[in-house]
Each structure stands twice: as structure tokens, then as C-alpha cells.
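Student: One structure is given below, represented as C-alpha cells, and several questions about it will come after.
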Amino acid sequence: MEKTLVIIKPDGIRRGLVGEILSRYERKGLNILKMEMVDPDKDTLKAHYHEHVGKDFFEELIQFMMSGKMVILIVEGNYAVETVRKINGKTNPLEAECGSIRGDFANSLTENIVHGSDSIENAQKEIEIWFNNKN
Ligand code: IDP
Ligand code: MG
């Protein structure tokens, strides 16, 4: 079964959206395989967001991700990677469709509530980064 890595970012926790977000994945028929509340350190975040190291928004992104606790999830199901990205909505809040998590709740390019892996290969890498191979 396909697996993907989801993060409910600190703004999602602060705004009390954890239950709402989980239920959107569940209602679509996806299965929550693992779930943990974490206080991320900078090195783990840098590994997770290595493709963005050096970009002008990188420091702002890391500071935001370290601004509070977040929830990490392994979500599985048919086409889990693409399905989660669709439920999450596009990165730019102006382009995220209403009905998606970002479309309904985000109004910032940085603070956009959720992360979902963008490929099966990256999902495997990100699951290793966050769950230390214990899946
Ligand atoms: P994704 O989360 O939809 O995969 P990415 O392009 O991989 O989007 O960017 C990772 C995260 O970095 C985004 O979710 C968002 O929090 C932040 N981000 C992306 N682009 C920008 C930007 O142009 N300005 C500020 N933050 C950004
Ligand atoms: Mg991405």
C-alpha cells in the first residue's frame, strides 16, 4: 500500500485544526498508520527541506516550523501521495482550491497548515527522516 508523510505544521496546531485535518484524510478513505506530536530540531528540518536550502524563504520557513509543536503522520492508501497533495491544496494560498485544506484555512505562502510528500521516493525518505526507520 502506498505511504506518504504528512506534517500538520505549527499553525495547524495553534489554530486547533488537527481533528479537522485528520478527518479529511480519513473521510477520503486513507488510513492513518502512525502519528506523533513532535518538537522538531533544526537539523531534522534541514534534512526534510534540503531542496529549499539557500532559497530566500528558507530561514523564514525553518523559524516558522520551529515556532511550536507539530504532528507527523504516515498516511497510507491508494495513490496516497497524490491524494494527500490534492486534499492539502496548492502551495500558493491564492491558487489553493476552496475545499482543500490550504484553500479553506491558509492565507500565507509560509504558514500553510500542512505538508505532504511530493513523490513516492521522497515519501520514503521523509518517513525515514521523521520516524527513524521504525516504520
Ligand atoms: P509544498 O509544501 O506545497 O510542497 P514547497 O514548494 O515544497 O511547497 O515549499 C515548502 C514550504 O515552504 C511551503 O509549504 C511553504 O511553507 C514554504 N514556501 C514555499 N514557497 C515559499 C515562498 O515563496 N515564500 C515563503 N514560503 C514559501
Ligand atoms: Mg514540497
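Student: Only one residue in 39, 43, 56 is loosely packed, with under 14 Cβ neighbours inside 10 Å, in contact (Cβ under 8 Å) with a residue 12 or more places away in the chain and of a type in the set (D, E, K, R). Which one?
Tutor: Details: 43 fails: in contact (Cβ under 8 Å) with a residue 12 or more places away in the chain; 56 fails: in contact (Cβ under 8 Å) with a residue 12 or more places away in the chain.
Of 39, 43, 56, the one residue that is loosely packed, with under 14 Cβ neighbours inside 10 Å, in contact (Cβ under 8 Å) with a residue 12 or more places away in the chain and of a type in the set (D, E, K, R) is 39.
Student: Among 70, 65, which is within 11 Å of ligand 1 (Cβ to nearest atom), surrounded by 14 or more Cβ atoms within 10 Å (Cβ to Cβ) and aliphatic (A, V, I, L, M)?
Tutor: On inspection, the qualifying residue turns out to be 65.
Student: Can you give me the number of residues within the stretch 121-132 that are touching a helix residue (DSSP H, G or I) at 6+ places or on another chain (Cβ under 8 Å) and away from ligand 2 (no atom under 14 Å from the Cβ)?
Tutor: Within the stretch 121-132, residues that are touching a helix residue (DSSP H, G or I) at 6+ places or on another chain (Cβ under 8 Å) and away from ligand 2 (no atom under 14 Å from the Cβ) number 1.
Student: Just wondering, is there one or more residues in the stretch 22-33 that are part of a loop (DSSP other than H, G, I, E, B), surrounded by fewer than 17 Cβ atoms within 10 Å (Cβ to Cβ) and touching an Asp or Glu at 6+ places or on another chain (Cβ under 6 Å)?
Tutor: No, that holds for no residue.
Student: Could you run through the stretch 85-119 and say how many residues are of a type in the set (A, V, I, L, M, F, W, C), assigned to a helix (DSSP H, G or I) and within 14 Å of ligand 2 (Cβ to nearest atom)?
Tutor: Number of matching residues: 0.
Student: Right, next: Could you list, in sequence order, all residues of the stretch 106-122 that are in contact (Cβ under 8 Å) with a residue 60 or more places away in the chain and within 11 Å of the chain's Cα centre (by Cα)?
Tutor: 112, 113, 114, 115, 116, 117 - these are the residues of the stretch 106-122 that are in contact (Cβ under 8 Å) with a residue 60 or more places away in the chain and within 11 Å of the chain's Cα centre (by Cα).
Student: Test each condition in (1) modelled with pLDDT of 95 or more; (2) part of a loop (DSSP other than H, G, I, E, B); (3) under 19 Å from residue 125 (Cβ atoms); (4) not aromatic (Phe, Trp, Tyr) for residue 1 and report the one that comes out false.
Tutor: Among (1) modelled with pLDDT of 95 or more; (2) part of a loop (DSSP other than H, G, I, E, B); (3) under 19 Å from residue 125 (Cβ atoms); (4) not aromatic (Phe, Trp, Tyr), residue 1 violates only (1).
Student: Same structure, new question: Can you give me the number of residues within the stretch 59-71 that are in contact (Cβ under 8 Å) with a residue 40 or more places away in the chain and part of a helix (DSSP H, G or I)?
Tutor: Qualifying residue count, the stretch 59-71: 4.
Student: Residues that are within 15 Å of ligand 2 (Cβ to nearest atom), modelled with pLDDT of 95 or more and among the aliphatic types (A, V, I, L, M): does the stretch 27-46 have at least one?
Tutor: The answer is yes, given that some residue of the stretch 27-46 is within 15 Å of ligand 2 (Cβ to nearest atom), modelled with pLDDT of 95 or more and among the aliphatic types (A, V, I, L, M).
The values are calculated or read from the model by the stated rules, or taken from the named source; none is laboratory data. In this text the structure is predicted, and so the values were computed from the model without any measurement. Every residue, glycine as well, gets a Cβ built from its backbone with ideal geometry; the counts of neighbours run over all protein chains shown.
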